[in-house]
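Below: one structure, written as structure tokens.
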Amino acid sequence: MKAWSLLLVLLVALPLVVGVVNLPTHDAPDAPIHTGVGVRYLERGVEETGNKNLVTAVLLNYRGFDTFFEVIVIFTALAAVLALPRGSAARPGGFPEEAAHEADGAGGRPAEAAREANGAGVPVSPVVSYVVRLMAPFMAMFALAMLFRGHVTPGGGFQAAAVFAAIFIALGLVLGPARVAELVPDDWRPWLQGAAPLAFALIAAIGWRLTGAFLGFPTDDHTAQEAMGLFLEVGIALGGGVILARLFLEMET
Amino acid sequence: MNGGWAEALPWTIVVPMVGAVLTPVVAARRPRWAGAWAWAVLLAASLLASGLVYRLATDGPFAYDVGGWAQPYGIELRFDHFSAWVLPLLLLFVVIVPFSWRYLDHVMPDERRPAFYALLLLNAGGMIGFCVTGDFFNLFVFTEVVSLSSYALVAVGGRGLAAFAALKYLFIGAVSSLLMLFATAQLFALTGSLNMADVAGRLAEVGGGPAVMVAFAAYAVSFMVKTAMFPVHVWLPDAHAIAPSPVSAVLSGMVVKIGIVGMLRVYQVFFAADVLELGAFNQTLVWLGAISIVMGAFFAIFQDDIKLMLAYSTISNIGYIVLGLGLASPYAVIGASVHVFNHALIKATLFLAAGAIIHQTGLRTLSDLRGIARRMPQTSAAMAVGAVSIVGLPPTAGFVCKWYIALGAFESGQAPFGFALVFGALFIFVYYVRMLNAFYFQEPVHDVVLEAEEAPWSMRAPVVVLATLCLVLGVLGGIPLAFVEPAVLDLLPFWGN
Amino acid sequence: MSDVFDAVMLTLLIATAVSVARARDLLAAVVIFSLYSLTMTLVWQHRGAPDVAMTEAAVGAGVTTVLFFITIARTTRREKR
Amino acid sequence: MLLFGLDLDYVLVIVLFCVGLYMLVSKSNLLKKLLGLNVMETAVFAFIVTSGMIEGGDPPILVAGTAAPYASPIPQAMVLTGIVVAVSVTAVALALIVQIHAHFGTIEVDELKELP
């Protein structure tokens, strides 16, 4: 088994190494990567998109269509986790499809016992709890700073989303998942977790009206451009944060 | 560039996606509305798609610049004859979704329906995007949407074994996606561009070399995994057999085809650039295809579980398509391109019919289901039509494609593969005869079978519609063939050999 | 200076990756994996990709690690042989 | 960094990729396999970031205090997308692993295969 794995890895490694060592040297200024389409972004990106951070310019403006479906991917992850069966006990009455497959599938050891053996569910120390609650507002401010300065400094919607999620998760560990879940009202939840794709769809439609192109940004109106960009970033941060936090809560409960 | 029906191109992708995001909103109060909502969304998307096909038929291939950026600086969507596959794809979804309404009753509790239909819509949207994008990185993003939703759809119906099959699929699929990302990065490092047409132009300037070859190979292996060809097919049978039947129809009929479409895209780029000698690669495809045909058929014979048998039969049919592509002669490639569609139709018929039987009886093995035709005559008849189609007997949809591929084998002077194809069809014939024999001519052994009732109309109607289409397309088989012909003839001069 | 930094980081990367593979305790493996991600973060920060570095630190090292922790708490901590 | 004419950064990335692949194929524990997948993913991201570097380059953020040459922004945008995709795949895989453990009481492939 071990030997076969090694052989397989070597079999994959050899062509990959051949592939990469024959690429143009990556540091050289005349490598195709530095003379290709990127040149225009570096030369005209700020003027065309109003973003001094060109990574943000590429993400939101030039290749916004990719980012649209990137946020769809994390929405897919959430839908996937929600669509999976929950709990460990077989459903009384059962579903034939399931039963037909799994009638003989070894009655599993109760998960709860395993959980206790691992020491999960031990109450968090008061100091940790205090520190987390103290830190939460500051972390939120940090996230907001990243969010709103993303067009001139590193950072942006996704990073802010991850920090927002981190706040949720930390609070969830301290206060218990149920209390954190209450922070988002049930009626808002479906809208909030779809905030990122919905923001994209809205901006795409607005851009369509303004410029005649799907997801187009008016290149001559920097205020409109900046507003649209900011709207997207807020959508990503909100939607991404809620989804990442929800993934945590779903797995925790 | 933009204008007219081309404006509908991005919306065709976005409508199912946003529909998916809104599913939990729509179904917040009544989870069962999710199914109807998904159906309405797919119907809307197929209207848009028919507009696209109309424009394609009148004006030829067209493109759309997302965000209005001139190429190669933005993302380009292209709609050519291979992209036209999105219309039949959406129409199949439109037929499959009503089937799933009742079917889900025994698969999952109501509260999980919104998430299920969201996944189904995401899957559809991802495939549409995959077929129409003209940008390599965008292709990767859509691959991920399709793959991730497929992994989850496999696991929705069961607990242990379904989750295990889905996880196996996930691991193999994730490695293949990673290879694809690697190949994209490598092409970018070589050319400094991501737009397919632009990459082709720049590759022609750069010329061939080991790095180009490795990038091509990485794409090829990645797509082979997605199509489940012979050496990398191991994930398919379990995943497709254990998924709920409507999902099996989607996965087996359509999701595996994105590998084929992706391969065609990569072919378009690498052949237009004329940087690789692909004769050897095509020959490899021919061999792998032939092995897939025989092996898939061989394993199918020994399966007692109907859905497992159908899953193995998918491997063998993918073999036909790959063999056709590898033969690289006009007849074979046309046959293969059309079989992409016909196999989807036939497999959907078979999986849905099998699903209806499983739903009504709770049984899924041939030995338990003996004599079911007496109690479920319409469903069994649909199953029989599907079986005859997939074997490739004359009055049905399967015949035309296989006939073309066989002609192609003789045309390109590779007669032995033509015989392999016929031989494979014989194998397939054996196992479907076994199935029909069990259904029609054996005495029932199970009490459930004796008391089984015909499926409710919302499940019967889709099955009957699909089976009828199998027959109709057998008679009108020339239409899709004539449709893809110009695209194939455009592509072929670059094809190597 | 830069070369020294590179050499240290690259060694650290390989060392952490191999340790992830060798660790029997899954919790330890996950912690080492987050160390691997963080090392990668430093390398990227150093090489002119601060955006990527921040995202990897927050998502790759942060969220992924937490998700792994929850899973370990709900499943098992030991890798059997 | 070049050594013996080999682009060491690139080769290192492949080494990391292979360590991950080895974990994925040889380990029996599902969590270990998933960690291997994550190691591979990070390695590919490192490959992409590396390919966009430039000698003496600054980050592609055009504010006062930085000067050309700049690293290419496109690979960085690609990696950002890739990271988000990777965490999504990981989340789904972990949810599946939890299910498998709840049902079979083990997450070792060796033991899962021996079950009836």
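Residues in region D:99-116 that are crowded, with 24+ Cβ neighbours inside 10 Å and in contact with a helix residue (DSSP H, G or I) (Cβ under 6 Å, 6 or more places away or on another chain): D:99, D:100, D:102, D:103, D:107.
Every condition in (1) surrounded by 20 or more Cβ atoms within 10 Å (Cβ to Cβ); (2) in a helix (DSSP H, G or I) holds for residue B:378 except the one numbered (1). Out of curiosity, is residue A:149 over 20 Å from residue C:60 (Cα atoms), among the basic types (Lys, Arg) and within 14 Å of chain B (Cβ to nearest Cβ)? No, not satisfied. Of all the numbered requirements in (1) under 30 Å from residue A:135 (Cβ atoms); (2) buried (at least 24 other Cβ atoms within 10 Å of the Cβ); (3) among the small types (Gly, Ala, Ser), residue A:216 misses one, and that requirement is (1). Select from region D:87-116 the residues that are in a helix (DSSP H, G or I) and more than 7 Å from every other protein chain (Cβ to nearest Cβ) and write down the one among them that is nearest to residue C:51 (Cα to Cα). Here the residue is D:109. Would you pick out the residues in region B:56-80 that are within 16 Å of residue A:45 (Cβ to Cβ) and surrounded by fewer than 20 Cβ atoms within 10 Å (Cβ to Cβ)? Listed by number, the list holds a single entry, B:70. Residue A:27 fulfils the conditions (1) of a type in the set (D, E, K, R); (2) at the interface with another protein chain (Cβ under 7 Å from one of its Cβ atoms); (3) in a helix (DSSP H, G or I); (4) surrounded by fewer than 22 Cβ atoms within 10 Å (Cβ to Cβ) except for a single criterion, (3). Inside region B:214-249, residues that are farther than 13 Å from residue B:308 by Cα, modelled with pLDDT of 90 or more and either within 14 Å of chain A (Cβ to nearest Cβ) or over 12 Å from the mean Cα position of the chain (by Cα) (or both) make up a count of 14. For region A:40-82, the candidate set comprises residues that are more than 24 Å from residue B:133 (Cα to Cα), at pLDDT below 90 and crowded, with 24+ Cβ neighbours inside 10 Å; within that set, the residue that is farthest from the other protein chains (Cβ to nearest Cβ) is A:51.
Residue under question is residue B:177, and the condition is that it be among the hydroxyl-bearing types (Ser, Thr, Tyr) and farther than 27 Å from residue D:31 by Cα; does it hold? Don't jump to the end; show me each part of the working.
On the way: among the hydroxyl-bearing types (Ser, Thr, Tyr): yes; farther than 27 Å from residue D:31 by Cα: no.
Here the answer is no, as residue B:177 does not meet what is asked.
Of the helices (runs of 4 or more DSSP H) lying entirely inside region B:85-191, those containing at least 2 residues that are out of contact with any Lys or Arg (no Cβ under 7 Å at 6 or more places or on another chain), free of Cβ contacts under 8 Å to residues at least 24 places away in the same chain and facing another protein chain (nearest Cβ under 10 Å) are B:136-155, B:160-191. With respect to the stated conditions, residue B:288 fails to be surrounded by fewer than 24 Cβ atoms within 10 Å (Cβ to Cβ) and in contact with a His (Cβ under 9 Å, 6 or more places away or on another chain).
Return the total of residues in region A:1-54 being among the hydroxyl-bearing types (Ser, Thr, Tyr) and in contact (Cβ under 8 Å) with a residue 60 or more places away in the chain. Working first, answer last.
Here is the first cut: in region A:1-54, the ones among the hydroxyl-bearing types (Ser, Thr, Tyr) are A:5, A:25, A:35, A:41, A:49.
When the remaining residues are screened for being in contact (Cβ under 8 Å) with a residue 60 or more places away in the chain, the result is A:49.
Final tally of qualifying residues: 1.
Determine whether region A:1-19 contains at least one residue that is more than 31 Å from the chain's Cα centre (by Cα), in a loop (DSSP other than H, G, I, E, B) and either more than 10 Å from chain B (Cβ to nearest Cβ) or hydrophobic (A, V, I, L, M, F, W, C) (or both). Yes, region A:1-19 contains at least one residue that is more than 31 Å from the chain's Cα centre (by Cα), in a loop (DSSP other than H, G, I, E, B) and either more than 10 Å from chain B (Cβ to nearest Cβ) or hydrophobic (A, V, I, L, M, F, W, C) (or both).
For the residues C:52, C:18, C:8, C:31, the requirement of being surrounded by 24 or more Cβ atoms within 10 Å (Cβ to Cβ) and within 17 Å of the chain's Cα centre (by Cα) singles out C:52. For the residues B:413, B:424, B:398, the requirement of being assigned by TED's automatic domain parsing to the domain that holds residue B:364 and part of a loop (DSSP other than H, G, I, E, B) singles out B:413. Which residue out of A:167, A:206 is in a helix (DSSP H, G or I) and over 20 Å from residue A:251 (Cβ atoms)? Checking each option against the conditions leaves just A:206.
Residue count for region A:146-167 under the criterion of being β-branched (Val, Ile, Thr) and at pLDDT below 80: the result is 2.
Out of region D:24-38, which residues are more than 12 Å from chain A (Cβ to nearest Cβ) and either in contact with a helix residue (DSSP H, G or I) (Cβ under 6 Å, 6 or more places away or on another chain) or part of a helix (DSSP H, G or I) (or both)?
Within region D:24-38, the first condition is being more than 12 Å from chain A (Cβ to nearest Cβ), and the residues that meet it are D:29-32, D:34-35, D:37-38.
Listed by number, the residues that qualify are D:30, D:31, D:32, D:34, D:35, D:37, D:38.
The values are calculated or read from the model by the stated rules, or taken from the named source; none is laboratory data. Predicted model only: the values in this text are computed from it and were never measured. Every residue, glycine as well, gets a Cβ built from its backbone with ideal geometry; the counts of neighbours run over all protein chains shown.
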